[in-house]
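Right, one structure below, let's go through it.
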Amino acid sequence: MAKELIINLKRIREHSVILETEVSPADMELDHPDYIFSDPVFVKVSVQIISHEILVEGSVRFIVKTACSRCLEPISREMAIGSIFFSYEYHEQDFLDITSDIRDELYLSLPIRILCSESCRGLCAGCKKNLNRETCVCTGINRSSPFSHLDFDWKTQKGE
Ligand SMILES: [Zn+2]
Ligand SMILES: [Zn+2]
C-alpha cells in the first residue's frame, strides 16, 4: 500500500482537507500487462466528512509507457483523470486508505490502444518495415492501407 494515500481522518472532522501528493508506482502496486509505470503518480484530492460519509474528490496525473499499437515504437504519454469521486462510510475510523480505489480509476482510464501519432503508418504487413521511417521493399499485399497489419493478423489467424 501507499502510505501517502492513507488519509488521517482525525485531522479532518468537519473540515475539508486537501491532500496533494506524489506516489511511487511500486507503492501503489501498479502492474499492467500493456503499460509500464515508472514515474510518480500525482494525486490531488479534497477530503471531507459529512455526517456518516467521507467524500473524496480530486484528480490524478500519471505517465505511462507502452508501444504504439500500429508501429510498436515505444511511447510515453502523460495521462490525466480530471475528476475522481469516491464516498465511504464514516464510522469514526481514524484512517482511510484510498490506494486501491485510485489504482482502479487509473486502470479504467487507460485506453485500449495508444498511437505514436494519429497519422502513424504502422508496419508493412509484408516486410515488417516501420513505414513512418522506411520505405517498403516488398511487393506485398495492400501496403498503402493503414489497416494492412490488421489484414495481416486476420490472415495469420486464418492460417493463410
Ligand atoms: Zn506508431
Ligand atoms: Zn513491405
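The values are calculated or read from the model by the stated rules, or taken from the named source; none is laboratory data. Keep in mind it's a predicted model, so treat the numbers as computed, not measured. Reconstructed Cβ throughout: ideal geometry from the backbone, glycine too, with neighbour counts over all protein chains shown.
Details
- Answer residue from the stretch 84-95, given it is modelled with pLDDT under 95 and either closer than 19 Å to Met1 by Cα or not in a loop (DSSP other than H, G, I, E, B) (or both) and is nearest to ligand 1 (Cβ to nearest atom) among those: Phe95
- For the stretch 29-49, a residue qualifies if it is over 15 Å from Ser100 (Cβ atoms) and free of Cβ contacts under 8 Å to residues at least 24 places away in the same chain, and the qualifying residues are Pro33, Pro40, Phe42.
- With respect to being within 16 Å of ligand 1 (Cβ to nearest atom), in contact with a Ser or Thr (Cβ under 6 Å, 6 or more places away or on another chain), under 19 Å from Ile75 (Cα atoms) and basic (Lys, Arg), Arg113 fits the description.
- The set of residues in the stretch 50-85 that are surrounded by fewer than 19 Cβ atoms within 10 Å (Cβ to Cβ), more than 15 Å from the chain's Cα centre (by Cα) and farther than 18 Å from Ile112 by Cα comprises Ile50, Ser51, His52, Glu53, Leu55, Glu57, Phe85.
- Wholly within the stretch 6-51, strands (runs of 3 or more DSSP E) carrying at least 2 residues that are within 22 Å of Ile75 (Cβ to Cβ): 41-50
- Matching residues in the stretch 8-49 - criterion: being in contact with a Ser or Thr (Cβ under 6 Å, 6 or more places away or on another chain) and more than 30 Å from Arg113 (Cβ to Cβ): Ser16, Ile18, Ser46, Gln48
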